[in-house]
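The values are calculated or read from the model by the stated rules, or taken from the named source; none is laboratory data. Remember, it's a predicted structure, so these values are computed and weren't measured experimentally. Methodologically, a virtual Cβ is constructed for each residue, glycine included, from the backbone with ideal geometry; neighbour enumeration extends over all protein chains shown. Protein only, heavy atoms only, side chains kept; ligands, DNA and RNA dropped before computing areas. Shrake-Rupley method; radii C 1.70, N 1.55, O 1.52, S 1.80 Å.
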Amino acid sequence: MTDKIKLDIISDVVCPWCLVGYKHLEAAINELGLQDRIDIEWQPFELNPDMPPEGENLREHVARKYGSTAEDSQRARERIAKLGAEHGFIFNYFDEMKMVNTLDAHIMLEFAKKYDKQTELKMRLFNAFFSEKKDISDRQVLLEEIATVRLDKQAAQSRLEDAAHRDAIRSVEADWQQLGVSAVPTVVFNRTSALTGAQEVDTYKQVLTELVNEMNG
């Protein structure tokens, strides 16, 4: 038996709702004082696994994929920016912003896991993409972020160049999809139940409280 609640968070680093959902979850954990009783593992999900290396203009991408008008897109950006600001996160959208391929980013997050740096790197990548106008499909950008969280750039680069690690990420993605995960963020609690979408803080608090009560018997 463990006294920790295992949270698998399936998400992508170019998904704004994944950041908002995590900030809500983090607030719930902090408000309940459960920081020492939570074990988070980030799981890979690519919103656009076929995205080419050059990426695609974000507004054009949203219009093509979701049928959103320019007005819809602007309203969504304003709403997301407001939600981010409530938790101290800056969504810095700009006209030339691109949707990019995120496979290498997920390889780096898997690399960071064995050093207990996964959440720290995940937050760095969210900031790099949404706040700092960085192209997180660029390997040099990824390696700079690896250095920022005090991990070895050379070891990380070797990981990026190893095809086996690319295959491993795709395999993990497929496993979660076979379990029914088709949208992100999805938070899986103790591998027994899940919530999909950026839930409110109180929703996460309710689930976590129930799990703590069960564990405390």
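Across 10 Å bins from the origin, how do the percents of Cα pairs in the range 8-57 run, short distances first?
The distribution over the range 8-57 is 22, 42, 23, 10, 3, given as percents.
Indicate the gyration tensor shape class of the range 35-194 (rounded, prolate or oblate), computed on the Cα atoms with a ≥ b ≥ c the square roots of the eigenvalues: a/c under 1.5 is rounded; otherwise a/b larger than b/c is prolate and the rest oblate.
On the way: a/c = 1.40, a/b = 1.28, b/c = 1.09.
Rounded is the answer for the range 35-194, as its axis ratio a/c remains below 1.5.
Within the P(r) computed for the range 136-217, what percentage of the Cα pairs occupies the region above 21 Å? Don't skip to the end; give the middle numbers.
Numbers: 1849 of 3321 pairs.
Counting pairs separated by more than 21 Å, the tail of P(r) holds 56 percent.
Give the carbon-plus-sulfur fraction of the accessible surface of the chain in %, rounded to a whole number; probe 1.4 Å, heavy atoms of protein chains only.
Details: 5160 of 10950 Å².
Of all accessible area on the chain, carbon and sulfur atoms account for 47 percent.
Once a ≥ b ≥ c are taken as the square roots of the eigenvalues of the Cα gyration tensor of the range 93-180, is the result rounded (a/c under 1.5), prolate (a/b larger than b/c) or oblate (a/b not larger than b/c)? Show your work: numbers first, answer last.
On the way: a/c = 1.66, a/b = 1.18, b/c = 1.40.
Note, shape of the range 93-180 comes out oblate.
How big is D for the range 1-114, in µm² s⁻¹ as a whole number, if Stokes-Einstein is applied with the Kirkwood radius of its Cα pairs at 10 °C and 1.306 mPa s? Intermediate results must be reported in sequence, preceding the final value.
Values: Rh = 16.0 Å.
For these conditions, the coefficient is 99 µm²/s.
Rounded to the nearest 500, what is the chain's calculated 222 nm mean residue ellipticity when only DSSP H runs of at least 4 contribute -39500 (n - 2.57) each, over all residues? Numbers along the way, then the final one.
Details: 9 runs with 113 residues, N = 217.
The helix contribution divided over the chain gives -16500 deg cm²/dmol.
Probe of 1.4 angstrom, ligands and nucleic acids ignored: what's the accessible area per residue over the chain, in square angstrom? Could you put the intermediate results ahead of the total?
Values: 10950 Å² over 217 residues.
With all protein chains present, the chain gives 50 Å² per residue.
Give me the dipole magnitude in Debye, nearest 20, for the range 127-179 about the Cα centre, with unit charges on the beta carbon: positive for Lys and Arg, negative for Asp and Glu.
Details: 8 positive and 11 negative charges, 21 e Å.
Approximately 100 debye in magnitude.
Which helices count as membrane-span-like in the chain under these terms: full DSSP H, at least 20 Å along the axis by C-alpha, Kyte-Doolittle mean of -1.0 or more?
On the way: long enough: 16-31 (23 Å, 0.04); 70-86 (24 Å, -1.21); 163-178 (23 Å, -0.97); 201-216 (22 Å, -0.34).
Span-like helices in the chain: 16-31, 163-178, 201-216.
Need one number: nm distance between label points at A147 and K4, each 7 Å from Cα along Cα→Cβ, rounded to one decimal.
3.1 nm
Report the full-extension gain for the segment D50 to T209: residue separation times 0.36 nm, less the Cα-Cα distance, to one decimal in nm. Provide the component values of the computation, followed by the final result.
On the way: separation 159, 0.36 × 159 = 57.24 nm, distance 3.94 nm.
That works out to 53.3 nm of additional length.
With the crude spin-label approximation of a point 7 Å out along Cα→Cβ, what separation in nm comes out for A163 versus E41?
2.7 nm
Please state the charge dipole magnitude for the chain, taken about the Cα centre, from unit charges on C-beta atoms (+1 on K and R, -1 on D and E), reported in debye and rounded to the nearest 20. If you can, show how the numbers build up before the last one.
On the way: 27 positive and 38 negative charges, 32 e Å.
Result for the chain is approximately 160 debye, rounded to the nearest 20.
How many nm is it between the label spots at D72 and N92, if each spot is 7 Å from the Cα in line with the beta carbon?
About 2.9 nm, to one decimal.
Multiplying the sequence separation of K133 and Q178 by 0.36 nm and subtracting their Cα-Cα distance, what value in nm do you get?
Working: separation 45, 0.36 × 45 = 16.20 nm, distance 3.38 nm.
Length gained between K133 and Q178: 12.8 nm.
Which of S193, S131, S171 moves most in a GNM of the chain, Cα contacts under 10 Å?
S193
For the range 54-118, just say rounded, prolate or oblate: build the C-alpha gyration tensor, square-root its eigenvalues into a ≥ b ≥ c, call rounded for a/c under 1.5, and beyond that prolate if a/b exceeds b/c, oblate if not. Before the final figure, lay out the partial values.
On the way: a/c = 3.04, a/b = 1.49, b/c = 2.04.
Oblate, because a/c is 1.5 or more while a/b does not exceed b/c.
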